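First the structure, in the form of structure tokens, and then the observations on it.
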Amino acid sequence: MSAEPTSAAADPSRPAAYATTDHTRTGDDHQRFLDSLAEVIRTEGSQSATVAAVVRQARASRRTFYAVFDNLEDCFLQLVRRENTRVLTAVRAAIDPHAAWTEQIDQALTAWGTAASAALEIRLPPSSGQAGARLQKLVLEEYVQLLISISENKGMVAGGVRPVHRHEAIILMGGIRELYRYAVEQGVPMEEVVASARSFMTAALRPADT
């Protein structure tokens, strides 16, 4: 499931000749532009990311860019989606559902810290509007569902952990994601973030009789 792109009309710099209703999000061009946007953000910052900068980094034309994306905001949304998918995939792959509950917490948060360190912390531009807000809700929902599913697996149940309620999952995952944003902004080492998140999650999920 992907975020709904913003309207092409939202990009006043887009030449009318490039307008089309048949966007071909082909693998090669799509990934090349996402990689180029990521590189511009890494080297120059989000504020310097423009269509001109992205196509220059990709060594491509604006026409090719607009055949794949509606506008720059659409490219940003797709990049955010990709980066978060990479993190979630890494966390899922790291968890052994038969392991002890404390070990699963360590597996999940260690993988999250490693993957999050390699991912980009991207601030969506204000122009991403409702599409950006929907994407942020979608990403949080995926984290929430992951935590709920972990809390219900065999290792967790065997350890006496009760299934996490949806509202609790929102609090826990929302808090950890905000901690990560704070760490990025303040330059806090990821090891400290993971250690704090591990203590927080262990306390929250600890069975009542332990």
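The values are calculated or read from the model by the stated rules, or taken from the named source; none is laboratory data. Keep in mind the model is a prediction, meaning the values are calculated, not measured. Cβ coordinates were reconstructed from backbone atoms using ideal geometry, including for glycine residues, and neighbour counts include every protein chain displayed. These area figures cover heavy atoms from the full protein model, side chains too; ligands, DNA and RNA do not enter into them. Shrake-Rupley method; radii C 1.70, N 1.55, O 1.52, S 1.80 Å.
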Report summary line: A 1.4 Å probe over the protein heavy atoms gives segment 115-210 a carbon and sulfur accessible-area percentage of 58 percent
Report summary line: For the chain, dividing by residue count, accessible area per residue (probe 1.4 Å) in Å² works out to 52 Å²
Query raised in the report: How high is the relative contact order of segment 72-206, in percent, with contacts defined as C-alpha pairs under 8 Å that are six or more residues apart?
Result: 29 percent
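Restricting attention to segment 45-109, which trypsin sites (Lys or Arg not before Pro) occupy a DSSP loop and are surrounded by at most 13 other Cβ atoms within 10 Å? If you can, show how the numbers build up before the last one.
Details: sites: Arg56, Arg59, Arg62, Arg63, Arg81, Arg82, Arg86, Arg92; in loops: Arg59.
Passing sites in segment 45-109 are Arg59.
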Report task. Please give the per residue volume of the convex hull enclosing the alpha carbon atoms of segment 68-210, rounded to a whole number of Å³. Result -> 107 Å³
Report task. Take the alpha-carbon centre of segment 38-108, take the same for segment 141-210, and report the distance between them in whole Å. Result -> 23 Å
Report summary line: If unit charges are put on Cβ atoms (+1 for Lys and Arg, -1 for Asp and Glu) and the dipole of the chain is taken about its Cα centre, the option from Ala93, Cys75, Gly132 lying farthest towards the positive end turns out to be Cys75
Query raised in the report: Helix hunt in the chain: which complete DSSP H runs extend at least 18 Å axially by C-alpha with mean Kyte-Doolittle at least 0.0?
Result: 72-94, 129-151, 190-205
Query - Excluding exposed DSSP-loop GluC sites (Glu not before Pro) (at most 15 other C-beta within 10 Å), longest clean stretch of the chain - result: 1-120
Report task. May I ask which residue of Val144, Ala111, Leu179 lies farthest towards the positive end of the charge dipole of segment 90-210, with charges of +1 (Lys, Arg) and -1 (Asp, Glu) on Cβ and the Cα centre as origin? Result -> Val144
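Please give the charge dipole size of the chain, origin at the Cα centre, charges +1 on K and R Cβ atoms and -1 on D and E Cβ atoms. Round to the nearest 20 debye. It would help to have the intermediate numbers written out before the result.
Values: 22 positive and 25 negative charges, 61 e Å.
Here the chain has a charge dipole of around 300 debye.
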